[in-house]
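To start, the structure itself, in structure tokens.
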Amino acid sequence: MVIGDIDLGEKPVLLAPMEDVTDASFRILCREQGADMVYTEFIPSDGLIRDAVKAIDKMKTSEEESPVAIQIYGNNPEAMVEAAKMADNAAEIAGGHGCDVIDINFGCPVSKIAGRGAGSGMMREPDKMVMITKMIVDAVKKPVTVKTRLGWDENSKIIVELAERLQDTGIKALTIHGRTRCQMYKGEADWTLIGEVKNNPRMHIPIIGNGDITSAQKAAEAFDRYGVDGIMVGRASFGHPWIFKEIKHYLATGEELPPLGVRERVELAKRQLELSLNLKGPVRGVFEMRRHLSCYFKGLPDFKETRMKLVTLTDPQELRDTLTYVAQTWGDSSPEPANVYGV
Ligand SMILES: Cc1cc2nc3c(=O)[nH]c(=O)nc-3n(C[C@H](O)[C@H](O)[C@H](O)COP(=O)(O)O)c2cc1C
């Protein structure tokens, strides 16, 4: 699969953008674990054009993540174009690597965003969605991609026609999450319409399928049954970043890797902690690891007290020591697979 001139190889597996989850430390870790491309958390275009520190900071990426997409969202065409130009020049503005791809979020279902016409709210204004996309494509040098859903609700699954219109703007790939806005994250993702978009003879840009890929078998099925060019994994990567390795191995060999042991999980958690500390310093570095740490070790017996420590300790060294203790105490246990839907 190729996006612009970025060759992601055959059957690429991408890390989905997830707010408060896919920060730089997690993105680097997932790349190390086999993710072929990663995305920043979505960044508000209004925040970027106001020079809000938090928004600018989210554009900061590193070489190790590349290829990496910066994702923006918003409803105001001028603000979206300005924000896209900033993403185009993110290396100069925010430091670091900048981005390889600019991704537009037309999929977020959260009321405070969709209700204001941004994210998946744009599915109720497809003309405006197409117009903004075209304006951005014309304004930036980097390849532009779009991530969206099937439609607003059950009665307006417009994705097949919309995909053609988005393609005509000049975007280089389209990611489709197989749910409507009104489904939020409920029910099962419906991949049939994703397959229909892919099999539409008018479509020639890569189609990336997204929704409920929780195992290597599901990943293989997405490619085999629906013919998508790439797949994107979201919640299943949370506390389980080695899922990319599992999927890639299965796609290459048809064989499943054995479940990762506790000691190896500890090594990954430590790696993520060090990345987080390096990138954010000791206070934020520890604080923003908490969500992740509690998820690495789901299902271990008598783990409550240690889990509490992992999510309350503030001193990096105490946290490292606690992780070492996890490996020493539970090293021979077999934990359950991470529960992805706790996110
Ligand atoms: C906590 C969380 C945050 C998310 N944030 C974003 C985001 O910033 N941008 C985006 O396009 N999608 C976001 N999503 C949606 C995911 O990218 C993905 O489309 C969705 O979770 C379905 O894929 P999955 O079933 O593999 O999780 C988020 C999802 C979750 C659970």
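Here are the numbers for the structure shown:
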quantity: Residue list for the range 34-60, restricted to those being buried (at least 20 other Cβ atoms within 10 Å of the Cβ) and either farther than 25 Å from Pro77 by Cα or not assigned by TED's automatic domain parsing to the domain that holds Ile136 (or both); calculated: Ala35, Asp36, Met37, Val38
quantity: Hey, Ser120 within 19 Å of Leu193 (Cα to Cα) and assigned to a helix (DSSP H, G or I) or not; calculated: yes
quantity: Filter result for Gln183 (more than 20 Å from Met18 (Cβ to Cβ), touching a strand residue (DSSP E or B) at 6+ places or on another chain (Cβ under 9 Å) and polar (S, T, N, Q)); calculated: no
quantity: Conditions (1) assigned to a helix (DSSP H, G or I); (2) buried (at least 19 other Cβ atoms within 10 Å of the Cβ); (3) within 20 Å of the chain's Cα centre (by Cα); (4) away from the ligand (no atom under 15 Å from the Cβ): number failed by Met86; calculated: (3)
quantity: Odd one out for Gly9, checked against (1) on the phi > 0 side of the Ramachandran plot; (2) buried (at least 20 other Cβ atoms within 10 Å of the Cβ); calculated: (2)
quantity: Residue that is surrounded by fewer than 16 Cβ atoms within 10 Å (Cβ to Cβ) and either closer than 21 Å to Val21 by Cβ or touching a Leu at 6+ places or on another chain (Cβ under 9 Å) (or both), where the choices are Arg284, Arg263; calculated: Arg284
quantity: Residue, surrounded by the most Cβ atoms within 10 Å (Cβ to Cβ), within the range 219-237, restricted to residues that are assigned to a helix (DSSP H, G or I) and more than 13 Å from the ligand (Cβ to nearest atom); calculated: Tyr226
quantity: Sole exception among (1) within 22 Å of Gly230 (Cβ to Cβ); (2) within 16 Å of the ligand (Cβ to nearest atom); (3) without any contact (Cβ under 8 Å) to a residue 60 or more places away in the chain; (4) not in a helix (DSSP H, G or I) for Gly170, by number; calculated: (2)
quantity: Any pair with Cβ under 9 angstrom, 6 or more apart, that starts in the range 220-236 at a residue that is at positive phi and ends at one that is among the polar types (S, T, N, Q); calculated: Gly227/Asn199
quantity: Neighbours by Cβ (under 7 Å, 6+ apart or cross-chain): first from the range 238-254, in the same structural domain as Lys11 (by TED's automatic domain parsing) and in a loop (DSSP other than H, G, I, E, B); second of a type in the set (Gly, Ala, Ser) and surrounded by 18 or more Cβ atoms within 10 Å (Cβ to Cβ); calculated: Phe238/Ala338; Gly239/Ala338; His240/Ala338
quantity: Criterion: buried (at least 19 other Cβ atoms within 10 Å of the Cβ), in contact (Cβ under 8 Å) with a residue 60 or more places away in the chain and assigned by TED's automatic domain parsing to the domain that holds Ile194 - qualifying residue of Cys99, Cys108; calculated: Cys108
quantity: Residue in the range 195-206 that is modelled with pLDDT under 95, part of a loop (DSSP other than H, G, I, E, B), of a type outside the set (Lys, Arg) and in the same structural domain as Ile72 (by TED's automatic domain parsing) present; calculated: no
quantity: Residue within the range 14-30 that is part of a strand (DSSP E or B), in the same structural domain as Gly98 (by TED's automatic domain parsing) and modelled with pLDDT of 95 or more present; calculated: yes
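The values are calculated or read from the model by the stated rules, or taken from the named source; none is laboratory data. Since the structure is predicted, the reported quantities are computational estimates derived from the model, not experimental observations. Here the Cβ is made from the backbone with ideal geometry for all residues, glycine too, and neighbour counts use every protein chain on show.
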